[in-house]
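Throughout, read-outs are computed from the coordinates displayed, never taken from laboratory work. These numbers come from a predicted model, not from an experiment. All Cβ positions, glycine included, derive from the backbone under ideal geometry; neighbour counts span all protein chains shown.
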Amino acid sequence: MPNSAPSKNRGIFLLPNLLTTAGLFSGFFAIVASMNNQFESAAVAIFIAMVFDGLDGRVARMTNTQSDFGAEYDSMADIVSFGMAPALVMYNWALSDLGKFGWLAAFIFVAGGALRLARFNTNLGSEDKRYFQGLAIPSAAAIVSGLVWVGTKYDIAPDSISYLAAIVTICAGLLMVSNFRYHSFKDVDWRGRVSFLVILAVVLAFVVVATEPSLVLFSIFFLYALSGPILTIRSVGRLELKHVVGDTDEECEEELAQNAEKSTKNKQKDQEESKPE
């Protein structure tokens, strides 16, 4: 007797997974380029992977093509493009001469990225969407690859900053598994109307980035990495170990959420008071 139940559609949505594949290819290309001493191309490829990573999820939501397969594939691509690729590019550029300390620094970054993705996937849907818990792996990758890009762009000898590069790599890896809160910018209404000055500011921002892309992008993501500890300290008042690392309990989460909501209300109040009558 034939089964009358409809068969489950096991097809894969093409467009978002195509973008994810493009990001994965960019990360793999970065690894190969660094093995051939093409470090500037490798660093640029990681930033290109960030563009594809930002597009695939948004395209999937806009076209209603989200799937469990796409989410898992995106995580696998992220660990290659933003975990393995930046660590190996940095290792081949500046850390290889440090011996064991060099490859351990690179491994800390890879492990931090893997743990960051695992924690993000398990907490999906249960955390405050306005904030990330720990530095997002694409931002950490931008810091590491951005340092390589700046070094090659300005002909900085890798052996002269090898220990600095190791410290930056380790700190980026540790920030990913920290409890520091980072703005996710998911509460921004991208479909809303804005004033002409906002569009003008966006144009000027593109001009500034285009003048010195390596230095400007590295500076932006470096400052973003510093914003997490600053935001957390301002939210809790007195910093404790549970605010930095470890499992956050419900009391800690509630405290951070209340302080963040209070800060948002104060900003909205200040904006309303500053409006001309």
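Overview of results
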item: Debye log10 I(q)/I(0) at q = 0.12 Å⁻¹ for the stretch 113-191, Cα point scatterers; result: -0.44
item: Least to most buried among Tyr163, Tyr182 (fewest other Cβ within 10 Å first); result: Tyr163, Tyr182
item: Sites Val51 and Ala118 - FRET efficiency at Förster radius 30 Å, r taken between beta-carbons, to 0.05; result: 0.80
item: Fewest-first sequence of Ser162, Ser145 by Cβ atoms within 10 Å of each Cβ; result: Ser162, Ser145
item: The stretch 56-126 pair-distance distribution - Cα-Cα, 5 Å bins, rounded %; result: 3, 16, 19, 19, 15, 11, 8, 6, 3, 1
item: Using a Förster distance of 30 Å, the FRET efficiency for Ser96-Glu40 (Cβ separation, nearest 0.05); result: 0.95
item: Computed lengthening from Tyr154 to Arg238, 0.36 nm per intervening residue step minus Cα-Cα distance; result: 26.2 nm
item: The stretch 164-252: GluC sites (Glu not before Pro) in DSSP coil with no more than 11 other Cβ atoms inside 10 Å; result: Glu240
